[in-house]
Amino acid sequence: MYDFVVIKYSEIGTKGKNRKIFESKLMNNIVLQLNHSVKVKKIYGRIIVFPKDNIKIDKKMLYSLKKVFGIKSISPAIEVEKDYNDIKNKIIWLLKENHVESGTFKIDARRTDKSFPIRSFDLNKKLGEDILNEFNKLTVDVHKPEYLIKVEIRQELSFVYFENIECFAGYPVGAGGKASIMLSGGIDSPVAAWTMMKRGLKLNAISFYSPPSNGEKTIFKLLELSKKLSEFYPFNFYHYIIPFTEVQMAIKKLKKDSYSLIMQRRSMLRIASKLAWHTGSAALITGENLGQVASQTLENMITISEATDMLILRPLIGYEKLDIVRKSKEIGTYDISILPYKDSCVAFLPKSPATKSFVDKIKLMENKIEDIKTLELNALNNSLVYIIKNGSIIDNYVFSEKEGLNNE
């Protein structure tokens with residue numbers, strides 16, 4: 001039915017000398033997202049996606065394209081000759097094929113190839129008249145038409161379309177460097193991961209679990225979240241899941257219950273920082289939201305952050321909770337996040353966690369924990385690693401710090 005898909009972008013178009021780099025990354029990500037079943041071509045201000053062989057442009061392809069960050073909108077299109085009658089006939093065929101028989105429409109023709117003899121204004125008028133003659137139940141509305149029929153006559157390629165499917169825009173994944181998301185089983189951190197992927201970051205996920213308090217069901221939930229996130233990610237998505245029980249038990253032995261959550265968070269940051277270095281990440285990402293829970297007061301975030309020299313990105317820090325919930329529903333993580341499987345911190349949650357802490361005081365407590373560095377290293381070296389692609393696990397193994405740098 002359709003010959004190709006027209007890709008439009010927004011923020012990429014504002015780039016100056018770096019624009020070609022962003023366009024190239026976007027084109028590469030489109031091919032990866034669609035498993036090399038398409039070819040892509042760049043024309044000014046547009047990227048054209050051509051299906052290979054007998055691949056059809058269907059709802060499944062459009063759904064996959066919609067999840068590619070960097071794309072503002074997608075439009076399945078039909079190629080036309082630089083001939084008025086062919087343009088007219090293809091538009092009429094397109095409307096009939098989509099069962100458009102009544103309603104309002106507008107023609108928006110753009111002629112960047114000045115060798116075409118009819119000016120844009122005259123082409124709009126003439127096509128509009130012929131469509132009215134063909135469809136007696138259609139009427140023109142130049143302000144808010146139900147169907148905006150686009151005609152683009154370019155030197156490289158000419159085409160017509162009227163669907164304009166809005167996408168998530170942003171930057172293509174990989175255009176902004178690499179970071180590690182500390183992915184819990186809650187609502188916030190998956191949204192934080194999605195938000196930073198939209199800003200062009202490559203990601204891997206780092207999670208913690210506490211067997212036997214939580215085990216297979218918690219891992220299942222975490223992996224379901226990363227599967228959903230991987231649908232927006234054109235590369236292999238690595239998820240590291242770290243056993244944390246021994247560290248938590250050592251902290252619990254101090255009998256400093258109100259500060260135990262803060263020490264757990266600091267320990268998680270130290271382990272995550274080592275793992276982030278191993279994966280080539282330049283920053284850690286969290287789903288923290290100022291004042292939402294006891295560990296996320298300003299004072300406690302300062303104390304917790306001191307445990308690492310690595311940059312910590314908190315994209316949701318000032319969001320309303322309802323906005324985060326709304327976004328989680330939009331991207332498909334909400335129903336997974338509310339599954340009743342405890343995450344690592346909830347498993348050892350103190351009854352009355354402190355809302356205010358001081359770095360020096362917490363460090364004195366940590367110095368009393370026997371072999372804390374060894375326990376953290378053991379946790380790291382017993383991490384479960386899952387490789388996920390397009391919503392499916394394609395491999396898994398046990399992490400070893402001796403492995404080479406993972407830059408995927």
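Of the set (1) of a type in the set (G, A, S); (2) touching a helix residue (DSSP H, G or I) at 6+ places or on another chain (Cβ under 7 Å); (3) surrounded by 22 or more Cβ atoms within 10 Å (Cβ to Cβ), all apply to S189 but (2).
Within segment 154-184, the only residue that satisfies the criterion of being of a type in the set (D, E, K, R), within 27 Å of the chain's Cα centre (by Cα) and in a loop (DSSP other than H, G, I, E, B) is E163.
Only one of these conditions is not met by Y63: (1) loosely packed, with under 13 Cβ neighbours inside 10 Å; (2) touching a residue at least 24 places away in the same chain (Cβ under 8 Å). Which number is it? Condition (2) is where Y63 drops out. Is it the case that K88 is in a helix (DSSP H, G or I), in contact (Cβ under 8 Å) with a residue 40 or more places away in the chain, under 27 Å from M196 (Cβ atoms) and among the charged types (D, E, K, R)? No, not satisfied. Among residues of segment 356-368 that are in the same structural domain as K253 (by TED's automatic domain parsing) and within 16 Å of I302 (Cα to Cα), those with a beta-carbon under 6 Å from a residue that is outside any helix (DSSP H, G or I) and at pLDDT 95 or above at least six positions away or on a different chain give the pairs V359/E306.
When segment 321-343 is filtered for residues that are outside any helix (DSSP H, G or I) and either under 26 Å from P211 (Cα atoms) or not assigned by TED's automatic domain parsing to the domain that holds I187 (or both), the ones remaining, listed by number, are T333, I338, L339, P340, Y341, K342, D343.
The set of residues in segment 1-11 being surrounded by 14 or more Cβ atoms within 10 Å (Cβ to Cβ) and over 20 Å from the mean Cα position of the chain (by Cα) consists of Y2, D3, F4, V5, V6. In segment 13-29, is there at least one residue being in contact with a Leu (Cβ under 7 Å, 6 or more places away or on another chain) and among the aliphatic types (A, V, I, L, M)? For segment 13-29, residues in contact with a Leu (Cβ under 7 Å, 6 or more places away or on another chain) and among the aliphatic types (A, V, I, L, M): absent. Here V40 fits the description: in contact with a helix residue (DSSP H, G or I) (Cβ under 8 Å, 6 or more places away or on another chain), surrounded by 14 or more Cβ atoms within 10 Å (Cβ to Cβ) and either within 21 Å of I165 (Cβ to Cβ) or free of Cβ contacts under 8 Å to residues at least 60 places away in the same chain (or both). Against the numbered list (1) within 30 Å of P211 (Cβ to Cβ); (2) modelled with pLDDT of 95 or more; (3) crowded, with 16+ Cβ neighbours inside 10 Å, E306 comes up short only at (3). The set of residues in segment 264-320 that are in a helix (DSSP H, G or I) and either touching a strand residue (DSSP E or B) at 6+ places or on another chain (Cβ under 8 Å) or among the acidic types (D, E) (or both) comprises M268, L269, I271, A272, S273, L275, A276, E299, S305. Just one of the listed residues (S273, S337, S305) is under 26 Å from the mean Cα position of the chain (by Cα), in contact (Cβ under 8 Å) with a residue 12 or more places away in the chain and farther than 22 Å from Y238 by Cβ, and it is S305. Of the set (1) closer than 18 Å to T245 by Cβ; (2) of a type outside the set (A, V, I, L, M, F, W, C); (3) in a helix (DSSP H, G or I), all apply to P350 but (3). In segment 12-34, the qualifying residues are those that are out of contact with any helix residue (DSSP H, G or I) (no Cβ under 9 Å at 6 or more places or on another chain) and part of a loop (DSSP other than H, G, I, E, B), and the one that is surrounded by the most Cβ atoms within 10 Å (Cβ to Cβ) is N18.
Report yes if some residue within segment 136-153 is without any contact (Cβ under 8 Å) to a residue 12 or more places away in the chain and either part of a strand (DSSP E or B) or among the polar types (S, T, N, Q) (or both); otherwise report no. Yes, because at least one residue in segment 136-153 is without any contact (Cβ under 8 Å) to a residue 12 or more places away in the chain and either part of a strand (DSSP E or B) or among the polar types (S, T, N, Q) (or both).
The values are calculated or read from the model by the stated rules, or taken from the named source; none is laboratory data. Keep in mind that this is a model prediction, so the values were computed, not measured. Please note: Cβ atoms are built from the backbone with ideal geometry, for glycine as well, and neighbour counts cover all protein chains shown.
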